[in-house]
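Chemist: Structure below; questions to follow.
Read the figures in this text as sums done on the coordinates, not as results from a lab. Computed from a predicted model, the values in this text were never measured in an experiment. Neighbour counts run over all protein chains shown; Cβ positions are idealised from the backbone, glycine included.
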Amino acid sequence: MGCAEDLAARLGVKGGPVNHYDWAAVESSIGLTLPNDYKALVEIFPEGTFQGFVELIRPGAVNSPPTEYLGYYEYRLEDMRAWRQDEPGRFPYPIFPEPGGLLPWGVSHRDGLLFWLTEGDDPDKWPIVVAHPEFEHWANHEGPVCGFLDDVVSGRFDGAPYDIDLGGEPNFAPTPQAEPAAAPSTPVWVPAGFVDEQPYDASAALAELVPPTAPRRSIDWVTLQQQLGGELPADYRAFMEIYGRGTFCDITVVSPEEIPALIERTYRKAVANPVRPPQLCVPVIPEPDGMIPWGWTADGWTCGWVPLQPDNPDSWGTVLADPDVLGYQLHAGLSFSSLLLKYATAEGAGFALGRTTPWRGAPTFTPLT
């Protein structure tokens, strides 16, 4: 019996492979052969969490094609490389696709990443590196993934670089199958009478404040919105045509193609937090009346829309959830563009979006390719 089969038996996961992948195509998508134990694990185990700590990254995750390994996680690697340009000391290893670079295989309970260090010609001997979510600390572990997971569920993993106690009986918790999302209603978590102004389109004022440096883009919104399953606010569509994906002041605005992955990432972080009191926290789609994320701040707050009138996206206000998706700052009367405009012209005082480190200085836009 192989390591993956033995681990499944210990954790009460019975039967043979339940998932099937075209491994030749998956491995072709990254130009690397993946470790055999990892392939056995994702075929045998359903989606779920080991010891409440780590989930496996799977081909086709977060709405990617089933033959694509990285998908959404390519954006995470891009973010790491961009961060490294400003703080090279934060990243002590090369990052895939650099030779021997970090390649993610797992996600922690706090949305941190677990990597292979893809050095050497034998993937079954790749060592494992665990990163703190903000890449402040790193820890090395011997591979393979299956052995690491066995250490996690057996209490031999010390939690580094996390401050976490993974004690208790060995546990694997399958991810509950999501119920079809009910038609959203006006959010009940927006206090009655809270909206003292109406969201409006401030995209023209933004373009005057920060003139774009490239010609206006042409985007097939009909096709994109069909793929996303709903219409997006007109001022966000204008922003994408005028500026594109990038950072306005210190708020990163994602492209429409990235919105599903950001929703998944925010939702996973929210529901995985064991101290989250639902009645006091902002819900995240697909939760009823949930916020719809569209970006994040430099200090880790998630920016999103409040679906005030689900069928009228131009009426949507905005909300910012703190890095743990516990507390939030509601701006139900400000649209996407009017929030950016007010923030950019506040001169660092009086409109901090609920944060302790607001933008200071002249407003800027930095494209992200």
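Chemist: From the square roots a ≥ b ≥ c of the eigenvalues of the alpha-carbon gyration tensor of region 96-161, which class results: rounded (a/c under 1.5), prolate (a/b over b/c), or oblate?
Modeler: Oblate, because a/c is 1.5 or more while a/b does not exceed b/c.
Chemist: Rounded, prolate or oblate: which fits region 3-174 when a ≥ b ≥ c are the square roots of the eigenvalues of the alpha-carbon gyration tensor, with rounded for a/c under 1.5 and prolate only if a/b beats b/c?
Modeler: Oblate shape, in that a/c is at least 1.5 and b/c is the bigger or equal ratio.
Chemist: Please give the length that would be gained between ASN19 and ILE219 if that part of the chain were fully extended, namely 0.36 nm times their separation in residues minus their C-alpha to C-alpha distance (nm, one decimal).
Modeler: Stretched fully, the ASN19-ILE219 segment lengthens by 68.4 nm.
Chemist: Treat region 203-367 as a sphere of radius equal to its Kirkwood radius over Cα pairs and apply Stokes-Einstein at 20 °C in a medium of 1.002 mPa s; give the translational diffusion coefficient in µm²/s, rounded to a whole number.
Modeler: Calculated translational D: 133 µm²/s.
Chemist: Tell me, VAL306, VAL26 in order of fewest to most beta-carbon neighbours within 10 Å?
Modeler: VAL26, VAL306
Chemist: A further question follows. When a footprinting reagent is the concern and you count Cβ atoms within 10 Å, what order do LYS125, LYS269, LYS342 take, fewest first?
Modeler: Ranked by crowding around the Cβ, least crowded first: LYS125, LYS342, LYS269.
Chemist: Can you pull out the cysteines in the chain that have no other Cys Cβ under 4.7 Å?
Modeler: So, CYS249, CYS281, CYS303.
Chemist: Also: In what order do LYS39, LYS14 fall by count of nearby beta-carbon atoms within 10 Å, going from fewest to most?
Modeler: Listed from fewest to most nearby Cβ atoms, that is LYS14, LYS39.
Chemist: May I pose another question? According to the Kirkwood expression over distinct Cα-Cα pairs, how big is the hydrodynamic radius of region 41-126, in Å?
Modeler: 14.0
Chemist: Still on this structure, I have one more. Quick check: pseudo-label points 7 Å beyond the Cα along Cα→Cβ at ILE164 and LEU326, how many nm apart are they?
Modeler: So the label points at ILE164 and LEU326 sit 1.6 nm apart.
Chemist: With everything on Cα atoms, drop me the angle between helix 259-272 and the longest principal axis of the chain, reported from 0 to 90° to the nearest 10.
Modeler: Helix 259-272 and the main axis of the chain meet at about 70 degrees.
Chemist: Same structure again: Spin-label point model (7 Å from Cα, Cβ direction): what's the GLU257 to ASN273 distance in nm?
Modeler: Between GLU257 and ASN273, the simple spin-label model gives 3.1 nm.
Chemist: Remind me, what semi-axes does the chain give for its equivalent ellipsoid, largest first in whole Å, using sqrt of 5 times each Cα gyration tensor eigenvalue?
Modeler: Ellipsoid semi-axes (Å, largest first): 38, 23, 20.
Chemist: Let me ask something additional. What is the mean projected area of the alpha carbon convex hull for region 287-352, to one decimal in square nanometres?
Modeler: 4.7
Chemist: Follow-up. Sequence gap at least 6, Cα distance under 8 Å: using those rules, report the relative contact order of region 16-80 to the nearest whole percent.
Modeler: 33
Chemist: State, to one decimal in nm, how far the label point of ALA139 lies from the label point of LEU209, with both points 7 Å from Cα in the Cβ direction.
Modeler: Here the answer is 4.3 nm between the modelled labels.
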